[in-house]
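First up is the structure itself, then whatever we jot down about it.
The values are calculated or read from the model by the stated rules, or taken from the named source; none is laboratory data. Keep in mind that what you see is a predicted model, and the values were worked out from it rather than measured. In this analysis, Cβ positions are derived from the backbone assuming ideal geometry, glycine residues included, and neighbour counts consider all displayed protein chains.
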Amino acid sequence: MNHLTTESRNTETMHLDEMSIQEALKAMNDEDQFVPKAIEPIIPELTKVIKEAISKFKQHGRLIYIGAGTSGRLGVLDAAECVPTFNTSPDEVIGIIAGGSKAMTEAVEGAEDNEEQGKDDLKAIQLSKKDIVIGISASGRTPYVKAALAFANEVGAVSVSLSCNTNSEMSKLSQYALEVPVGPEVLTGSTRLKSGTAQKLILNMISTMTMIGVGKVYDNLMVDLKPTNQKLIQRSIRIIKDICDLNDEEAKLLYEKADQNIKTAVVMYLCDTTKDDAQNKLLKHNGVIKQAIKG
C-alpha cells in the first residue's frame, strides 16, 4: 500500500487541520484541477472501451460496473441515471457494489476483500461474452474487483479496469486499462475526493458516448428519455419543439399523438407520416432518428 499514490501524503496539505476554512477550500479546489488533466492522456484508450461497449450493446449485451465503497457507489449511480436519461432497462446498464444494496449507505465490513463474492455477483447476473465489465477501484488492487475481472475474462466478456494508480494489479488482469493518476488526496487516503471525481467523470463519458453510439441522442438532445415526472415531460415537449420547429401547443399535441414518445413524434413530423409508419421506420433503423428519416 505504501507505494500507491492514492495512499501517499499530499505535500500541499500537510497542515490541513491548521488551515483556515478558506485556505483549505482553495487547496481542495487547486487539487481538483489535476483531475481533468489526468484524464486527458487516457482518452485514446477510453475511445476503444466505448467502441467495445457500443458493439456489445448492439449485440444485446450489457454494460456492467462493479466496485467497492465509493467506486461501487459511483457505478451504481451512473447505471441508475441511464434509466431516466436514456430509457434503458435496469438490466442493460448494471451497477454492482461489494456488500450489496446495504453498502450504498453504510460500510460493510470485509466486503471489498471478498474475492469469491466478486465472482459470485457476476455469476448471479449470468455474465456472458456479450457483456462488458468495468471494474472500478481507486487503488487498483481491491480483491473483490480483481476477482470480478478475472471471472469476466474467464467467460469471454470484455474486461476493463478503472484505477487511479499506474501499473495497478487490476490493469494486468484486464483487456483495457484506464489508469488516471490524480495524485495524493488532500485528506490522505480519502479516495472519495479526487479519485472519486475522476471516476465519476469517466463513467459519465462511458455511458453518455455509448448511448449516443446506439442512437439515443439526436444532435445534443436526449430523445430517448423516460418521462417519469413533469420536468421530463416538459423537456420532451421542448425537444420536439426544437427539432421540428413547432410552437408549444403544436409540440404538445404531436407528443400526445405519438404516445409520448419523442422519437416517434419527430419521425412522424419530419417524414409527414403516421405513428405506425414512424414506429416501423425506427424499428428498421434500430431507433436512430436520422437514419429513419433518410429511409
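Computed values, structure above
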item	result
Boolean, residue 213 is within 24 Å of residue 76 (Cβ to Cβ), buried (at least 21 other Cβ atoms within 10 Å of the Cβ) and under 15 Å from the mean Cα position of the chain (by Cα)	no
Elements of type helices (runs of 4 or more DSSP H) contained in the range 208-295, each with 1 or more residues being among the aromatic types (Phe, Trp, Tyr)	248-257, 262-270
Residue that is farthest from residue 166 (Cα to Cα) [pool: residues in the range 102-123 that are out of contact with any strand residue (DSSP E or B) (no Cβ under 9 Å at 6 or more places or on another chain) and assigned to a helix (DSSP H, G or I)]	102
Boolean, residue 148 is out of contact with any Asp or Glu (no Cβ under 9 Å at 6 or more places or on another chain), among the hydrophobic types (A, V, I, L, M, F, W, C) and buried (at least 22 other Cβ atoms within 10 Å of the Cβ)	no
Qualifying residue in the range 28-45 (condition: touching a Phe, Trp or Tyr at 6+ places or on another chain (Cβ under 9 Å) and either under 21 Å from residue 187 (Cα atoms) or assigned to a helix (DSSP H, G or I) (or both))	yes
Qualifying residue in the range 261-277 (condition: surrounded by fewer than 20 Cβ atoms within 10 Å (Cβ to Cβ), closer than 29 Å to residue 90 by Cβ, over 27 Å from the mean Cα position of the chain (by Cα) and outside the structural domain of residue 206 (by TED's automatic domain parsing))	yes
Qualifying residue in the range 199-212 (condition: more than 20 Å from residue 58 (Cα to Cα), not β-branched (Val, Ile, Thr) and not assigned by TED's automatic domain parsing to the domain that holds residue 72)	no
Within the range 156-180, considering residues that are touching a strand residue (DSSP E or B) at 6+ places or on another chain (Cβ under 9 Å) and surrounded by fewer than 18 Cβ atoms within 10 Å (Cβ to Cβ), the one nearest to residue 199 (Cα to Cα)	166
